[in-house]
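Have a look at the structure below before the remarks.
Nothing in this text is a laboratory measurement; each read-out follows from the coordinates by a stated rule. Quick caveat: nothing in here was measured; it's all calculated off a predicted structure. In this analysis, Cβ positions are derived from the backbone assuming ideal geometry, glycine residues included, and neighbour counts consider all displayed protein chains.
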Ligand code: SGN
Ligand code: CA
């Protein structure tokens with residue numbers, strides 16, 4: 001009897017411990033936050049009203065800043081699409097993860113934070129643009145756009161259903177997929193990490209049908225540096241091919257019909273202008289196309305009358321307005337759709353324990369320095385928007401001007417999930433900043449390195465150190481030029497003061513700090529040279545799309561290589 005009682009007692013105790021343990025695990029589980037990473041492609045901070053409301057109101061994106069923190073000094077390590085995404089996923093600089101440019105595919109032997117989170121029990125999903133040339137690892141579900149993706153009736157590569165084409169507008173569709181996953185595939189018993197990645201507002205800036213008429217009628221204020229003549233800086237700024245007047249496609253970008261170009265005698269300078277127009281607009285079905293024409297026909301007719309009388313200055317102004325109308329038109333639907341997601345989270349009790357990040361793969365020039373595109377270390381493309389909310393942890397309406405980077409996301413998310421980060425990750429967790437423990441944050445400079453040259457837009461290779469006060473930049477490869485920018489005295493970054501004796505001491509100090517940073521992150525001239533050799537070898541076989549082919553030819557011939565592009 002005694003034995004039976006003690007057996008019962010011990011079974012009872014065992015059950016009790018077991019159930020306590022389950023309770024404990026559930027509590028632990030409940031504490032691990034969900035992570036929603038929202039990223040748009042080429043979304044300039046100048047086009048988010050939480051930063052600046054001169055161009056557009058983005059009330060929904062701003063909600064994230066109201067609930068949480070707005071970063072005013074967030075930047076990227078390499079201002080271009082796929083390399084930025086690789087840095088985000090690996091927590092490593094481009095020279096370490098190998099994804100230095102858009103040209104070569106991502107090396108999938110890299111370990112990414114989603115793989116680590118998935119192993120740690122997170123549910124993982126990705127929807128939208130990845131741009132890696134291969135599918136992501138570490139995701140339970142994904143539906144991604146092939147390469148750059150399309151705005152209208154886009155194709156998707158899916159994890160379970162092969163390749164599909166979906167009718168409608170890309171920003172709406174990516175959101176539908178995301179909401180569908182949250183509603184129907186997400187399981188309640190584990191935390192999740194969701195990557196919701198928009199194609200918009202990437203070139204060629206095609207708004208949803210519902211925004212065409214509204215945006216085509218708007219007029220926007222011009223940036224102070226729209227007519228920059230690049231005289232204050234070196235060869236790189238002068239030779240870049242991203243000027244609104246000289247390098248933007250009239251048809252593909254400004255949406256003049258190819259036949260209007262012919263009629264007005266405007267040449268297809270890039271050689272792929274008309275093809276770019278057809279590539280996107282050609283995807284519309286007849287009903288969609290009729291709607292599209294309703295908005296763009298009148299603009300084309302007005303242009304035909306105005307163009308012959310336009311001065312060069314007026315042409316630039318016209319191109320700027322046309323650019324902004326379409327670029328900002330695509331952002332209108334990004335904002336609406338971010339609103340749909342936030343509403344869903346609110347309605348389903350998912351705000352409570354969820355980190356929400358809104359960012360872009362880099363910034364973008366909205367006419368500053370007369371430019372579109374990115375790549376350069378000048379503010380508008382070096383900086384990137386960053387808004388983070390986490391209810392109960394991040395002070396609502398707070399701001400940080402710390403030098404944070406896309407390099408830091410992986411370690412931030414891993415720390416939030418309570419998982420140790422691999423020792424070779426190179427960022428720092430943002431959690432001290434997010435939770436107001438800034439005394440633990442000591443970074444006083446960041447490192448930058450851009451590689452893709454000679455390539456579309458012809459922005460020269462450069463690396464740099466950036467502090468809150470200065471940028472020291474080295475342009476290399478087919479030039480050897482240094483640039484020093486005083487960020488405080490010259491916020492528009494118009495003047496290189498490298499040779500100004502007043503900056504001699506500062507220059508010396510920055511050179512020493514730059515060398516230390518390169519050592520710390522493991523970058524070197526030898527590594528840069530190996531990336532150059534690999535690239536040149538490849539573009540002697542495979543054309544560097546959109547690059548100035550004459551210049552490519554010169555560069556390759558110096559190396560004894562023949563360009564892949566055939567000259568007539
Ligand atoms: C395309 C664009 C370029 C852009 C690159 C890279 N031209 O080639 O303007 O710089 O993508 O963009 S387009 O007319 O074909 O759109 S990135 O975001 O993928 O890095
Ligand atoms: Ca981009």
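For a footprinting-style exposure proxy, rank 371, 390 by other Cβ within 10 Å, fewest first. Please list the in-between numbers first.
Details: 371 29, 390 22.
Neighbour counts put them in this order, fewest first: 390, 371.
Among beta bridges from DSSP that stay inside the chain, the antiparallel ones total about 55%.
Which of the three applies to the stretch 375-446, rounded, prolate or oblate, going by the alpha-carbon gyration tensor with a ≥ b ≥ c and a/c under 1.5 meaning rounded? Here the stretch 375-446 falls in the oblate category. Taken as Cα centroids, the stretch 116-132 and the stretch 466-543 sit 34 Å apart, rounded to the nearest whole angstrom.
Relative to the current alpha-carbon distance between residue 235 and residue 505, full extension at 0.36 nm per residue lengthens the span by 94.7 nm. How far is helix 81-90 tilted off the main Cα axis of the chain, in degrees rounded to 10, range 0 to 90? Taking the Cα atoms of the chain, the angle to 81-90 is about 20 degrees. Between residue 538 and residue 515, the FRET efficiency from the beta-carbon distance, with R0 = 22 Å, is close to 0.15.
Please state the shape class of the stretch 472-515: rounded when a/c is under 1.5, otherwise prolate if a/b exceeds b/c and oblate if not, all from the C-alpha gyration tensor. Cα axes put the stretch 472-515 in the oblate bin.
Label-to-label distance, residue 279 versus residue 561, with points set 7 angstrom from Cα along the beta-carbon direction: 2.3 nm.
Over the chain, dividing the summed -39,500 (n - 2.57) contributions of all DSSP H runs of at least 4 residues by the number of residues returns a 222 nm mean residue ellipticity of -12000 deg cm²/dmol.
Counting every other Cβ atom within 10 Å of each residue's Cβ, 545, 376 order from fewest to most as 545, 376. By the beta-carbon count within 10 Å of each Cβ, the least crowded to most crowded order of 195, 351, fewest first, is 351, 195. Computed extension length for residue 347-residue 180: 58.7 nm, one decimal, from 0.36 nm per residue of separation with the Cα-Cα distance subtracted. Axis angle, to the nearest 10 degrees, between helix 286-306 and the longest C-alpha principal axis of the chain: 40 degrees. Axis of helix 170-180 versus longest Cα principal axis of the chain: the two differ by about 0°, to the nearest ten degrees.
Here the label points at residue 104 and residue 420, each 7 Å from Cα along the C-beta direction, are separated by 3.1 nm in the simple model.
What's the FRET efficiency of residue 245 with residue 395 using the Cβ-Cβ distance as r and R₀ = 35 Å, to the nearest 0.05?
Working: r = 45 Å, r/R0 = 1.28.
Rounded to the nearest 0.05, the efficiency is 0.20.
Taken along the Cα-to-beta-carbon direction at a fixed 7 Å, the label points for residue 49 and residue 224 span 2.4 nm. Which FRET efficiency value, to the nearest 0.05, do you get for residue 545 and residue 31 by plugging their Cβ-Cβ distance into 1/(1 + (r/R0)^6) with R0 = 45 Å? Efficiency at R0 = 45 Å is approximately 0.40.
Peptides 96-102, 509-515, 156-162, ordered by how many other C-beta atoms sit within 10 Å of their residues on average, highest first, read 96-102, 509-515, 156-162.
Need the full-extension length gain, residue 290 to residue 444, defined as separation in residues times 0.36 nm minus the C-alpha distance. One decimal, nm. Let's see the in-between values first.
On the way: separation 154, 0.36 × 154 = 55.44 nm, distance 5.43 nm.
Length difference between fully extended and current span is 50.0 nm.
Shape of the stretch 93-152 from the C-alpha gyration tensor: oblate (a/c of 1.5 or more and a/b not above b/c, with a ≥ b ≥ c the square roots of its eigenvalues).
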